[in-house]
1. Quick one: what are the phi-derived ³J(HN,Hα) couplings along region 238-249, Karplus 6.51/-1.76/1.60 with θ = phi - 60°, whole Hz, x for glycine and proline?
2. With respect to the cross-link table entries K191/K311; K85/K140; K72/K99; K75/K165; K72/K139; K85/K143, which display a Cα-Cα separation exceeding 26 Å?
3. Quickly rank 120-131, 69-80 as a protection proxy: mean count of other C-beta atoms within 10 Å, highest first.
4. To the nearest 0.05, what FRET efficiency results for E203 and H64 with a Förster distance of 22 Å applied to their C-beta separation?
5. Using the Karplus equation 6.51 cos²θ - 1.76 cosθ + 1.60 (θ = phi - 60°), what ³J(HN,Hα) coupling, rounded to whole Hz, does each residue of region 137-150 give in order, writing x for Gly and Pro?
6. Given charges of +1 on the Cβ of Lys and Arg and -1 on the Cβ of Asp and Glu, with all other atoms neutral, how large is the dipole of the chain about its Cα centre, in debye to the nearest 20?
7. Quick one: 3J(HN,Hα) in Hz for region 200-206, Karplus 6.51/-1.76/1.60 with θ = phi - 60°, rounded, Gly and Pro as x.
8. Please work out the FRET efficiency for the pair D301 and L321, using the Cβ-Cβ distance as r and a Förster radius of 51 Å; give the result to the nearest 0.05.
Amino acid sequence: MAAATRSCRPWGSLLGLIWLVSAAAASWDLTSLRCNFGSFCECDFRPDLQGLECDLAQHLAGQHLARALVVKALKAFLRDPAPTKPLVLSLHGWTGTGKSYVSSLLAHYLFRDGLRSPHVHHFSPVIHFPHPSHMERYKKDLKSWVQGNLTVCSRSLFLFDEMDKLAPGLIEVLRPFLGSSWVVYGTNYRKAIFIFISNTGGEQINQVVLEAWRSRREREEIGLQELGPVISQAVLDNPHHGFWRSGIMEEHLLDVLVPFLPLQRHHVRHCVLNELAQLGLEPRDEVVQAVLDSTTFFPEDEQLFSSNGCKTVASRIAFFL
C-alpha cells in the first residue's frame, strides 16, 4: 500500500491546511493582465486529468460514484472548446467523506499553480459572509468579484464551501453566471467551473446505503438515479441551505449532483494506510487497529459507518505513533 500511494503526485492530509490558508488568495498579477489581452490565453489553466484520475483512484476511499461522476463531467466539459455554459457541480454527503478533498484535488490538477493560483477562488461562510445583516453588501461584492475575475480569466474556478451554513439569498446573484447565455454583464464566463459543497443530503444518502447493505446489495450498485432525487429534495426542503429559493435548482442550473457515500471500517483503514504512506512510514498493524478502535461508528446496532469519515484520521495517527 505504501509503495502504491507514491505512484501519483504526493498529496496527503496537509491539503486541508493549505486549503484554508489559500481561502482568499486571488490577486491581480502580470500573468493575469497578459491573459486579459490574449485571445487564446487561458492563464495558468493546465489540466492534468491523468494525474487527477490516478490520485482519486488511489486516495479517495469508498467513493466510486463521486469519482466517476466528477471525472466524466470534467472530461466532457474540457473536450468542448466552446461550452455553452460553465460547469456547475454540487457535492453532497456526510462529514469526512472527501468532498473538500476532491475540490482541492481539482484545483491542484487543473491549474499550474494549484491552490495558489489567482484564478482559484474559495468562499467560506464563516470567513467571507459571517454577518447575515450585511447580506446586501455581500451580494454586491460577490457579484463584482465573480464578474471581475472572469474578465481577467475565463478559466476560473469558484468553490463555495459549507453551503448549508450560507445565509439564503446570497447565491441568487450567481444565477446569471450559471446558465447558457453567451455574455453576462459584458463578461465571457462559459469556461468557468463552479463547485458547491454541503452536508445537506448526507442523512438521506446514508439511509439509502444502509438499506442497500441490509438488502445485501453491493455498494457499487448504488447509482445517481436513486440518490439524486433524495438529495434534491433535501436541499429544496432546507431553508438554511444557500440554494433556498435561489432559483438555481428550480431552473436546473446544476450540471451534476455528486453524492459522497458514508465510509465503512475498511474505508477508514484505507485512509489510515494512505496517511502512514504520506508520512513515509511503513504500515503498522497496531497503529491501524488503534485508530479503528478509537473511531465511532453508527447506527448503534450495525456499527457500520464512521461518524467522522476519514476527517480525524491524521490527528488520531499522530496520537498513536
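Rule-based calculations on the coordinates, nothing more; no lab input. Keep in mind it's a predicted model, so treat the numbers as computed, not measured. Glycine also receives a Cβ, built like all others from the backbone with ideal geometry; neighbour counts cover every protein chain displayed.
1. Per-residue couplings from phi come out as 9, x, 9, 7, x, 7, 3, 6, 8, x, 5, 6 Hz.
2. As for pairs spanning more than 26 Å Cα to Cα, those are K191/K311; K75/K165; K72/K139.
3. Ranking the peptides 120-131, 69-80 by packing returns 120-131, 69-80.
4. Rounded to the nearest 0.05, the efficiency is 0.60.
5. Per residue, the Karplus-derived 3J(HN,Hα) values read 5, 4, 4, 4, 5, 5, 4, 5, 5, 5, 4, x, 6, 6 Hz.
6. 920
7. Karplus-based 3J(HN,Hα) across region 200-206 equals 4, x, x, 5, 5, 4, 4 Hz.
8. With R0 = 51 Å, the Cβ-Cβ based efficiency is 0.95.
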